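Asks: Questions regarding the structure given below will be posed in turn.
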Amino acid sequence: MPAFSLDPPQSAWCAELRALAAERLRPLAEKGEPGHVNRALVAELGQLGLLERLFTSGAVDLCLMRESLAYACTEAETALALQGLGAHPVHAHGTPAQRDRWLPRVADGTAIAAFALSEPAAGSDAAALELRAEAGASDPVAEPDGGARWRLTGEKCWISNAPEADFYTVFARTTPGAGARGVTAFLVPADRPGLTGTGLDMLSPHPIGALSFDAVPVTADDVLGEVDRGFRVAMGTLNLFRPSVGAFAVGMAQAALDATLAHTAQRDAFGGKLKDLQSVAHQVAEMALRTEAARLMVYAAATAYDEGAADVPKRAAMAKLLATETAQYVVDQAVQLHGARALRRGHLLEHLYREVRAPRIYEGASEVQRGIIAKELYATREAAQ
């Protein structure tokens, strides 16, 4: 797909998604309880076949879904994205048994997934994980065949869908002192003994919580990928989902821009319409310019991912950084041009203003993305010398 345009079937699909989000998903979202998993909404995403597409489509389709849903219903977009984020490691690295048990339930919306990477002292610095996976021959959870077994001890924090998820992709340290090279990914069902969680009161419509691991038993059957190679699982997942976070941001920016176009075209001010004021017209033009630039970078990064390009980490970081920072700017300017009405509870822009802030932090804060970009640039330079 050319990075600068969508073909007619893609454009038609995006329009269909916007309509479905407005007509079928938004009413369910409005009935949900803030801070809790909206299982009816997730089930409807499954009924519409959108969750299954998380495992059958590429990065471009993921971005199209997230942008289109975000435009009309941010709650539906987030519910879909969190299912994908939590389950992608199972899809990409799981054993046949793991995949057969969980992916059909994720796809039909009956199992809630979560991606458990961040910790109280290891948010942006994912290589500094402290959740311990401790092994021992005398461990009472030892497998009969003598296979690998561990007990997870420690905490996770800022985990979306926690503590209400049905299973977690958990990243734990299996080799102390090894940095990123000593982390293993585990698939941990929520009913595993010793695993408890508490919700956090966050500026978010979906649940975010902390998890406590008190000698939670896991075995070789729970490993995703290879032992001590879990950091690759995490980064591979983030390289896919970071551009799509950008798509989420672009969807919000476009919704704010369209609302601003409608408002400034009809609002009377100073003997004319707001749009007739050059300062307003130029501001709207700047909002549109930045939104389109972010969109192009998002789809360029997604195309690079689908084509297996070597520079995906850099492109993914650039797309996530530019799009999330752009959406913050566009929504803020939209609020300014609407005036006090945009601050009223229930207004679209009041909703977007609350929603747009978090993406600049999760899946790697903006500062982390800049660090990734710089690292990749210098690595490319050194390789060329």
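The values are calculated or read from the model by the stated rules, or taken from the named source; none is laboratory data. Just so it is clear, the model here is predicted, and its values are computed rather than measured. With ideal geometry, Cβ positions are generated from the backbone for all residues, glycine too; neighbour counts draw on all protein chains shown.
Asks: Test Ser138 against the stated conditions and say whether it is under 28 Å from Asn38 (Cα atoms) and either in a loop (DSSP other than H, G, I, E, B) or at pLDDT below 65 (or both).
Replies: No, not satisfied.
Asks: Pairs only if they're at least six apart or on different chains, beta carbon under 8 angstrom, first in the range 371-382 and closer than 10 Å to Lys314 by Cα, second of a type in the set (A, V, I, L, M, F, W, C); list them, first residue then second.
Replies: From residues that are closer than 10 Å to Lys314 by Cα, the pairs are Ile372/Ala317; Ile373/Ala317; Ile373/Met318; Ile373/Leu321; Glu376/Ala317.
Asks: Same structure, new question: Those residues that are more than 21 Å from the chain's Cα centre (by Cα), assigned to a loop (DSSP other than H, G, I, E, B) and at positive phi, I need them from the range 161-198; list them, please.
Replies: Within the range 161-198, Gly177, Gly194 meet the criteria.
Asks: Being part of a loop (DSSP other than H, G, I, E, B) and of a type outside the set (D, E, K, R) is the filter here; which residues of the range 32-47 pass it? Walk me through it before giving the result.
Replies: As a first pass, look at the range 32-47 and keep what is part of a loop (DSSP other than H, G, I, E, B): 32-38.
Across the range 32-47, the qualifying residues are Gly32, Pro34, Gly35, His36, Val37, Asn38.
Yes/no matrix, rows are residues, columns are (1) in contact with a helix residue (DSSP H, G or I) (Cβ under 9 Å, 6 or more places away or on another chain); (2) touching a residue at least 40 places away in the same chain (Cβ under 8 Å):
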site: Arg18; (1), (2): yes, yes
site: Ala22; (1), (2): yes, yes
site: Lys31; (1), (2): yes, no
site: His36; (1), (2): no, yes
site: Arg53; (1), (2): yes, no
site: Ala59; (1), (2): yes, yes
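Asks: Here is a check on your reading of the model: is Ala265 small (Gly, Ala, Ser), touching a Ser or Thr at 6+ places or on another chain (Cβ under 8 Å) and either assigned to a helix (DSSP H, G or I) or surrounded by fewer than 16 Cβ atoms within 10 Å (Cβ to Cβ) (or both)?
Replies: no
Asks: Give me the helices (runs of 4 or more DSSP H) completely within the range 48-99, filtered to those with at least 2 residues that are over 26 Å from Leu296 (Cα atoms), ordered by residue number.
Replies: Ranges flagged: 74-93.
Asks: Can you tell me which residue is surrounded by the most Cβ atoms within 10 Å (Cβ to Cβ) among those in the range 291-328 that are hydroxyl-bearing (Ser, Thr, Tyr) and touching a residue at least 60 places away in the same chain (Cβ under 8 Å)?
Replies: Here the answer is Thr324.
Asks: Looking at the range 177-221, which of the residues that are among the charged types (D, E, K, R) and out of contact with any helix residue (DSSP H, G or I) (no Cβ under 8 Å at 6 or more places or on another chain) is surrounded by the most Cβ atoms within 10 Å (Cβ to Cβ)?
Replies: Top of the filtered list is Arg192.
Asks: Another one. Looking at this structure, is Ala29 assigned by TED's automatic domain parsing to the domain that holds Ser57, surrounded by 18 or more Cβ atoms within 10 Å (Cβ to Cβ) and either of a type in the set (Phe, Trp, Tyr) or not in a loop (DSSP other than H, G, I, E, B) (or both)? Before you say what the answer is, go through the steps one by one.
Replies: Values: assigned by TED's automatic domain parsing to the domain that holds Ser57: yes; surrounded by 18 or more Cβ atoms within 10 Å (Cβ to Cβ): yes; either of a type in the set (Phe, Trp, Tyr) or not in a loop (DSSP other than H, G, I, E, B) (or both): yes.
Judged against the criteria, Ala29 is a match.
Asks: Answer yes or no: is there a residue in the range 32-46 that is modelled with pLDDT of 95 or more, polar (S, T, N, Q), closer than 26 Å to Leu348 by Cβ and out of contact with any Asp or Glu (no Cβ under 9 Å at 6 or more places or on another chain).
Replies: no
Asks: Hey, does the range 42-55 have a residue that's aromatic (Phe, Trp, Tyr), over 27 Å from Tyr353 (Cα atoms) and out of contact with any Ser or Thr (no Cβ under 9 Å at 6 or more places or on another chain)?
Replies: Scanning the range 42-55, I find at least one residue that is aromatic (Phe, Trp, Tyr), over 27 Å from Tyr353 (Cα atoms) and out of contact with any Ser or Thr (no Cβ under 9 Å at 6 or more places or on another chain), so the answer is yes.
Asks: Would you check which residues across the range 223-237 are surrounded by fewer than 22 Cβ atoms within 10 Å (Cβ to Cβ) and without any contact (Cβ under 8 Å) to a residue 60 or more places away in the chain and list them?
Replies: Glu226, Asp228, Arg229, Arg232
Asks: Sticking with this structure for a sec: Return yes when Leu343 is loosely packed, with under 14 Cβ neighbours inside 10 Å, outside the structural domain of Glu30 (by TED's automatic domain parsing) and in contact with a helix residue (DSSP H, G or I) (Cβ under 7 Å, 6 or more places away or on another chain) and no when it is not.
Replies: When the stated conditions are applied, Leu343 passes them.
Asks: May I ask you to list the residues in the range 174-196 that are modelled with pLDDT of 95 or more and charged (D, E, K, R)?
Replies: Within the range 174-196, Asp191, Arg192 meet the criteria.
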